1. Where residues in segment 16-70 are surrounded by 10 or more Cβ atoms within 10 Å (Cβ to Cβ) and aliphatic (A, V, I, L, M), which of them is modelled with the lowest pLDDT?
2. Applying the selection to segment 5-15, what residues are surrounded by fewer than 10 Cβ atoms within 10 Å (Cβ to Cβ) and within 19 Å of G66 (Cβ to Cβ)?
3. Would it be correct to say that F52 is of a type in the set (A, V, I, L, M, F, W, C) and touching a residue at least 24 places away in the same chain (Cβ under 8 Å)?
4. Would you confirm whether or not segment 25-41 contains a residue that is without any contact (Cβ under 8 Å) to a residue 40 or more places away in the chain, more than 17 Å from the chain's Cα centre (by Cα) and assigned to a loop (DSSP other than H, G, I, E, B)?
5. Among (1) within 22 Å of W3 (Cβ to Cβ); (2) out of contact with any Gly (no Cβ under 8 Å at 6 or more places or on another chain), there is one condition N54 misses while meeting the rest; what is its number?
Amino acid sequence: TVWWEGLDKNPPTDALNWKGEPWDPASGVPGAHPNSRFTSPAVNCPCISSEFENPQGVPISAIVFGGRRA
């Protein structure tokens, strides 16, 4: 589940900060680095093609770029 600090309510109770340490939103310390980004391995996508690792390739219908929301 993606949760955006400062945009979404109800932060997860088991969140880690950008240093990989347990984070408590009540601490008043931001959980994310001010210049943070995100990446996610393609295998985490629940709708990935069963042919994803086919060495002959698969059709591509979309490319998604993610980045900072500012």
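The values are calculated or read from the model by the stated rules, or taken from the named source; none is laboratory data. All of these numbers come straight from a predicted model, not from anything done at the bench. Please note: Cβ atoms are built from the backbone with ideal geometry, for glycine as well, and neighbour counts cover all protein chains shown.
1. In this case the residue turns out to be V58.
2. The answer is G6, L7.
3. Here the answer is no, as F52 does not meet what is asked.
4. Within segment 25-41, one or more residues are without any contact (Cβ under 8 Å) to a residue 40 or more places away in the chain, more than 17 Å from the chain's Cα centre (by Cα) and assigned to a loop (DSSP other than H, G, I, E, B).
5. All conditions pass for N54, except number (1).
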